[in-house]
2 protein chains.
Amino acid sequence: MFSNFTTMEFSSKLLEQAVYEMSQLPGIGKRTALRLVLHLLRQSENQTQLLTQALLKLRTEIKFCKNCHNISDVELCEICVNPNRDASIICVVEDVRDVMAIENTSQYRGQYHVLGGKISPLDGIGPQDLTIYSLIEKVKSGFVDEVIFALSSTMEGDTTNFYIFRQLESFNIKTSTIARGIAVGDELEFADEVTLGRSILHRVPFENSLKS
Amino acid sequence: MFSNFTTMEFSSKLLEQAVYEMSQLPGIGKRTALRLVLHLLRQSENQTQLLTQALLKLRTEIKFCKNCHNISDVELCEICVNPNRDASIICVVEDVRDVMAIENTSQYRGQYHVLGGKISPLDGIGPQDLTIYSLIEKVKSGFVDEVIFALSSTMEGDTTNFYIFRQLESFNIKTSTIARGIAVGDELEFADEVTLGRSILHRVPFENSLKS
């Protein structure tokens, strides 16, 4: 296999079209797209059917939980209908991947609120594009005791946290954010200054560190 | 966005199915598949329609050129029907990407023969799975003067070259392989020994190196 060509001259319009559509996916360049599409050509027709049907079915039939906005096949997701989950604690996350990550830790028994993104003026995403309004409504209802912010520790994440925090200030609830610090198993000397600084500032009683 | 979870607990069967099918593509793991699928959910439904239609159309309607076995929308590809291409020289390549790469150099005016792979016993690919027989038939017809081997310089590529070479030995035609050597622009000291050795063994007259 040769490896360096700058422009792509396709011998087939069908191939060109498939590669173009595939390369619209994030992180998939034209060359990777070509490799993926040629792979499908080498597999049985059934394989392509399965892939395209699964994608179409997902895109057309997917629902979002009415309560937490997580991806769900039904009106209310498994977590929201689970009577063992504490509905008075709401963990605010960016998308479904974060819910999956936190669920994997088995450390959280509250509910979630999926924002569907972060405020990012550069990408044209404002508060109205996220599910912030529905979170405020939820807090207004009076059943919420604590809102945990669990967004990425980036400029956009911090902006979004702060925006929501300001909206919630007037309500008599606890707000918290997940702890930032040195990752378990990491060497101190390789930690960045900001993280190390925060981990000293927000130190926890030693007894607490013995739990879990 | 959180980054380390070992198992994936999906809140939606539709999502799980789409991620599974996506992760069947080569080089796409479950996490990448999830990222791609979530991207489609954030785009308009039309985007997914375009992607799936292009893939299905390609898979069901694609043709392979009757002469050179390259991917084509018609019975004979553009290169094979082009009267300016020299049909007496056949360049043997692995797949359509190699045709595209060589076409991009604008250095070749002959025709191609696309094998559709390399002989690879470990992957269960034998000579009968490739288009070798049709190449022999082409040579038998008597119109071919030269066959150029342009396969990857790997164990499988060399095996395939040699297998075809033995099949063609009895015919009165020239066989050649593309030159292996130090890539243009590369430093000698970083070249591997085998490549450097071959490039000395197969040195070319200095005047030739001045062309193009």
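The values are calculated or read from the model by the stated rules, or taken from the named source; none is laboratory data. Just so it is clear, the structure is predicted and the values come from calculations on it, not from any experiment. Neighbour counts are summed over all protein chains in view; Cβ atoms, including those assigned to glycine, are modelled from backbone coordinates with ideal geometry. Heavy atoms of the whole protein, side chains included, go into the accessibility calculation; ligands, DNA and RNA do not. Shrake-Rupley method; radii C 1.70, N 1.55, O 1.52, S 1.80 Å.
At q = 0.12, 0.13 Å⁻¹, what base-10 log of I(q)/I(0) does the Debye formula yield for the protein assembly as shown when every alpha carbon is treated as an equal point scatterer in vacuo? Reported log10 I(q)/I(0), two decimals: -1.03, -1.12.
Dimensions of the range B:114-175 from C-alpha coordinates, computed as largest minus smallest value along each principal axis and given longest first, are 34, 20, 18 Å.
Which residue, A:Gln167, A:Gln53, A:Gln17, tops the fluctuation ranking in a GNM of chain A built on C-alpha contacts under 10 Å? Of A:Gln167, A:Gln53, A:Gln17, the Gaussian network model singles out A:Gln17 as fluctuating most.
Per residue, the solvent-accessible area of the protein assembly as shown (1.4 Å probe, heavy atoms of protein chains only, all protein chains present) comes to 58 Å². Counting only Cα atoms, the size of chain A along its three principal axes is 65, 48, 35 Å, in decreasing order. Lysine pairs in the range B:16-153 whose alpha-carbon atoms fall under 24 angstrom of each other, counting only those eight or more residues apart or on distinct chains, come to 8.
Can you figure out the FRET efficiency of B:Arg203 with B:Gln128, using R₀ = 45 Å and their beta-carbon distance, to the nearest 0.05?
Details: r = 39 Å, r/R0 = 0.86.
Calculated transfer efficiency: 0.70.
Label-point spacing at B:Gly197 relative to the other copies reads 5.8 nm, in ascending order, each point sitting 7 Å out from Cα along Cα→Cβ.
Considering the range B:74-178, its Cα convex hull presents a mean projected area of 6.8 nm². Beta-bridge orientation, the range B:74-178: approximately 5 percent antiparallel, per DSSP, counting only bridges with both partners inside.
Heavy atoms of chains B and A lose about 6400 Å² of accessible surface on contact, summed over both sides with a 1.4 Å probe.
Can you pull the semi-axes for the range B:138-212, root of five times each eigenvalue of the Cα gyration tensor, sorted largest first, whole Å?
Largest first, the range B:138-212 gives 28, 17, 9 Å.
Return the Rg/Rh value of the range B:1-73, two decimal places, where both radii are evaluated on C-alpha atoms and Rh is the Kirkwood radius.
On the way: Rg = 16.3 Å, Rh = 14.6 Å.
In the range B:1-73, Rg relative to Rh is 1.11.
The mean count of C-beta atoms from other chains within 10 Å of the C-beta of residues in A:70-78, rounded to a whole number, is 3.
To the nearest 0.05, what FRET efficiency results for A:Asn82 and B:Lys13 with a Förster distance of 22 Å applied to their C-beta separation?
On the way: r = 17 Å, r/R0 = 0.79.
It comes out at approximately 0.80.
Name the most mobile residue of A:Pro121, A:Pro83, A:Pro26, meaning the one with the largest mean-square fluctuation, in a Gaussian network model of chain A with Cα contacts below 10 Å. Maximum fluctuation in the GNM of chain A, among the listed residues, is at A:Pro26.
Partner shielding of A:26-38 amounts to 4, given as the average count of beta-carbon atoms from other chains within 10 Å of each residue beta-carbon.
The long axis of helix B:45-61 is offset from the longest Cα principal axis of chain B by roughly 40 degrees.
Quantify, in whole percent, the carbon and sulfur part of the accessible surface of chain B (1.4 Å probe; protein heavy atoms only). Carbon plus sulfur share of accessible area: 54 percent. Counted over the protein assembly as shown, the DSSP beta bridges are approximately 20% antiparallel.
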